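K.L.:
Could you have a look at this structure, given as structure tokens, before my questions?
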């Protein structure tokens, strides 16, 4: 085996792994707070990537309109659900959140794609569009069945995934898209070439880990989200709005998915359905982390990236077979090492 | 209308359907597809809805069934009827391999594990040379009976729907049996089932294989229906759809599988064809499908079947007492003069925390012993050590002089120690009778095949009669046919006692039996326990109601922080200064 | 007539076809201890949960004269109504301190700091164990934490569901002392207890619940002397003291 190849594969694996780690965090976050296994995470990647790519090429991204449409549906659902408890305050909040916010993003996007906007603005705008989509999805699809079993929520996730994938095709077409790199800086360390883009991947992944750690460990709101995850009833009894926690978790996850997409799209062409398979790898990392631990998820994500890089080099035909089959023993090990406790099944 | 007649009516309608004049051939294709999906979903009803094991991987088993017959018929020229057992065998064997791993996965790892191997198998189908890679295998011969080749959708229809009906009946029979009760108890955690001798891992593996074989059968039919196979219908998407079918129909209901596949297959067809092809948007169909899925779950999270069944005039099960011969009692061993249970220096550590600290005590035959102490003192842990739920870190526990430490719970209940739980562990959607009958598990013998073929009726009648007898004994005969979940918590504890009595124990372990009972109910319970003692049983109980304990127990063991701080007759305990300080407080 | 802090009118709760609570009305005045006694399964927990908004019900709930039956749990919490549920519902994998901090989730930061000092003063054990995970506490400490967490929210009315359940008699005595202290601090308490004797001794007023309805109501001392109550709820304790004198 050649050391250079080894290093290159390792680098490739770590870069992909960092992306998978981000996705894994989103999944862990959402599952912890809402018990939803977020299959549509893949679509948030697609949306983020394609929105950013569209803005960068001066086109109006379809997701801006999608956000408005979903916001409107969410508004209707909200109005219907509070019809017996109607207050002006609630109307104002709902209008701002579900109607005005996406409308503002749409207007800004129209401005942005007319002139040449900087990468920073495009990234911010992409997040402003995709993040709320996550929130609206929670309001529309999950909030009404928030108390259902994990299985029912999982199936609902599948429905949302299918719908979003179809919508992605509708809004972006079957053509793939690629965006320019964020910077063209590159440096060589021995045989390795570290581009600005890969560097950005590492930096974003690392800083998000730190940010999530600070948020959940050291802020009251982060603790409140954790508390929602630990005990929903307990959380409501101290006045934490678990519905709001769920919405925030979904918005954060959609934002994380979008960031991953934005990081990937300059490196590889993204199609309307590319997100799903990428998301699945993050999913594996999250599973290995037990859908609970952020550091374990990060480690597992890097491992998945490396296994994938090596198996695509040595047995490219069976890359997926290997990646997915390797999960099973890991799951088994986790199951057996988990303390024997009678979980209260729902 | 009884269930039997409803099924007969359904079979008749399905049989007459193809001969009705004016049925478009396309409808037959649709019905065939519904039947094929229903077979897989039926397996999922048992696996996921009843057994609580969520699987996204059933499409892989369809694939095993389909590819087996495809290879054997095209490459080796075997007749489809010969490949049927081969397909089922291959599916079954692979299910054993995958199942041995899968049923050991806990919690959410299980569904996720099935996604993982499901995807793996799918990619394997699409990469392996001898399975034709992505192109698959074509030229598979049709099923034929004599000279009748079942080339058309209308002719294979009868084969498919016979398979669906027979499988449904076998599944219903299985669920209504000794093993069925064990399977139905799995979803609520395995502790209670194991405490009455159910080999939970084996039961899980059984349903896993059963579901896989149904999927394999569906795959075999599919291969001969389309006469070609390729990897696509056995991928992740299909696996998800099967689970979706089961959930939409109502996971847990056999007929929900049929209804669910009807709904989903027809819905997909409508979306694919008429409305949306007109719009020229090929992809809108999947959007609408996804949206409908979410809406359907919001409208009926428990599935559609229970809603439909509510309108159907099913006859309620008769309320008469089950009759059957008496079960043989445990052979009498001479216990006079021996110690029934001896706990010597039992210790349990969880990490650095010592939950039970070298505790020793004895129980004689026909003795009622109480274990008291504050919550967290190690009382329930002691119960778990005795019943084999937890392995002791050190120490000895023996019953009638024979060591029982290290034995699994199933073996300990076989030796005659039965228990109740502090947090009631009944299956809420089973009747009191069925719940109590789980206690007789070790006293019956019928296996899966016998249950499916209804050869277990005599055995079954004996078990139910015993369960009814014990329910009467604890005074709950009025609630026998109520769902256990509808009883007050105090009554549920009494149901647990009846369940424990069904195991014909010589030592009964009761964890807070009187909690939630009123004064007069407590007196009745005390009378029952004295009666049991009088009949030769020993009882070890944990209880907080000091009045109850002091009046009933002959010997009291007091635990505090895992350590025994006192032991003796109630009068000694009441005045023991350590007990007063640690537990009772000033004036007991 | 004094303004009632909590006023429930004609509350009914059904599980499917089973009516667990039937047309129950009750009042709690500021700074008063009211207890509901009755056997398990009588509907006491269901009633508390429905007043809190965890369970849907028919009827009226007024807090400080404002109607609340259509508002969420969180709104009732904001109005000063707190429940310490039977299962305590602690954040078991978080520290004692975090549990308490979250108890003050809706209060301002400065008042939360002051509340934390008060809670630590009331339950010194919690201060000792503030860095321990809530799940590792003993039963009595968990009950204290659950009460402390609720007190962090500066309640006007604290509803306690079976606070003595599963605790050593010695700890139960401590808990009841603290309930008495709450009254002194001006917090009203609605107490559901199986330990009818202790509950009736501490309460100002009492209701007796059977099969989903109130069958008796009035001053606690009067209820404690009612022969029916003595027979079905206090009998055993008396039986025991009788036996003690005999032995």
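K.L.:
Fewest first, what order do C:129, A:139 take by the number of other Cβ atoms within 10 Å?
P.N.:
Values: C:129 20, A:139 25.
Result, fewest neighbours first: C:129, A:139.
K.L.:
How large is the helix-only mean residue ellipticity at 222 nm for chain B, computed as the sum of -39500 (n - 2.57) over DSSP H runs with n ≥ 4, divided by its residue count, in deg cm²/dmol to the nearest 500? Don't jump to the answer; show the numbers that get you there.
P.N.:
Numbers: 23 runs with 302 residues, N = 588.
About -16500 deg cm²/dmol.
K.L.:
With runs of 4+ DSSP H residues as the only contributors, calculate the mean residue ellipticity of chain A at 222 nm using -39,500 (n - 2.57) per run, divided by the residue total and rounded to the nearest 500.
P.N.:
-24500 deg cm²/dmol
K.L.:
Most exposed first by the Cβ proxy, i.e. fewest other Cβ within 10 Å, how do C:119, B:495, B:288 rank?
P.N.:
Details: C:119 22, B:495 26, B:288 19.
In increasing order of surrounding Cβ atoms, one gets B:288, C:119, B:495.
K.L.:
Okay, moving on. Quick one: helix B:25-44 against the long Cα principal axis of chain B, what's the angle to the nearest 10°, folded into 0 to 90?
P.N.:
20 degrees
K.L.:
Let me ask something else. Quick check on the protein assembly as shown: take the gyration tensor over C-alpha atoms, sort the square-rooted eigenvalues as a ≥ b ≥ c, and tell me if it's rounded (a/c under 1.5), prolate or oblate.
P.N.:
Values: a/c = 1.76, a/b = 1.29, b/c = 1.37.
Judged from the Cα gyration tensor, the protein assembly as shown comes out oblate (a/c at least 1.5, b/c at or above a/b).
K.L.:
Which angle between 0 and 90 degrees, to the nearest 10, do you get for helix B:457-473 versus the longest principal axis of chain B when only C-alpha atoms count?
P.N.:
It is inclined by approximately 40 degrees.
K.L.:
Continuing with the same structure: State the Cα centre-to-centre distance between region B:4-50 and region B:428-459 in whole Å.
P.N.:
Here the two parts' Cα centres lie 29 Å apart.
K.L.:
Hey, another quick one. With a ≥ b ≥ c taken as the square roots of the eigenvalues of the C-alpha gyration tensor of region B:281-423, please select rounded if a/c is under 1.5 and otherwise prolate if a/b is larger than b/c or oblate if it is not? If you can, show how the numbers build up before the last one.
P.N.:
Numbers: a/c = 3.61, a/b = 1.82, b/c = 1.98.
The shape class here is oblate.
K.L.:
Between residue C:15 and residue B:16, how many nm apart are label points set 7 Å from Cα along the C-beta direction?
P.N.:
Here the modelled spin labels are 4.4 nm apart.
K.L.:
For chain A, what is the relative contact order in percent, using Cα pairs closer than 8 Å and at least 6 residues apart in sequence?
P.N.:
On the way: 521 pairs, mean separation 131.1, N = 346.
It rounds to 38 percent for chain A.
K.L.:
Which angle between 0 and 90 degrees, to the nearest 10, do you get for helix B:519-534 versus the longest principal axis of chain B when only C-alpha atoms count?
P.N.:
The angle comes out at about 80 degrees.
K.L.:
Right, something else. Quantify how strongly other chains surround peptide B:113-124 by giving the mean number of their Cβ atoms within 10 Å of each of its Cβ atoms. It would help to have the intermediate numbers written out before the result.
P.N.:
Working: counts 9, 2, 8, 12, 5, 1, 9, 10, 3, 3, 9, 5.
Partner-chain Cβ atoms within 10 Å, mean over residues of B:113-124: 6.
K.L.:
Quick check: Cα centre of region B:474-527 to Cα centre of region B:167-235, how many Å?
P.N.:
Taking the Cα centre of region B:167-235 as reference, the centre of region B:474-527 is 33 Å away.
K.L.:
A further question on this structure: For region B:83-131 and region B:339-405, what is the separation of their Cα centres, given in Å?
P.N.:
The two parts, judged by their Cα centres, are 42 Å apart.
K.L.:
Further question on the same structure: Cut-off is 10 Å between beta-carbons; in what order do C:123, C:82, B:61 appear when sorted fewest neighbours first? Mind dumping the intermediate values first?
P.N.:
Values: C:123 22, C:82 25, B:61 34.
Ranked by crowding around the Cβ, least crowded first: C:123, C:82, B:61.
K.L.:
Another question, then. Only Cα pairs within less than 10 Å get springs; with that Gaussian network setup on chain C, which residue of C:42, C:11, C:114 has the largest fluctuation?
P.N.:
C:114
K.L.:
Need one word for region A:46-145: rounded, prolate or oblate. Basis is the Cα gyration tensor (sqrt eigenvalues a ≥ b ≥ c); a/c below 1.5 gives rounded, then a/b vs b/c decides.
P.N.:
Prolate.
K.L.:
Return the calculated 222 nm mean residue ellipticity for chain C, to the nearest 500 deg cm²/dmol, obtained by summing -39500 (n - 2.57) across DSSP H runs with n ≥ 4 and dividing by the residue count. Please report the intermediate quantities before stating the final value.
P.N.:
Values: 10 runs with 97 residues, N = 247.
Helices in chain C give a 222 nm mean residue ellipticity of -11500 deg cm²/dmol.
Laboratory data are not the source of any read-out in this text; all were calculated from the coordinates shown. Owing to the predicted nature of the structure, the values given are computational and were not obtained by experimental measurement. With ideal geometry, Cβ positions are generated from the backbone for all residues, glycine too; neighbour counts draw on all protein chains shown.
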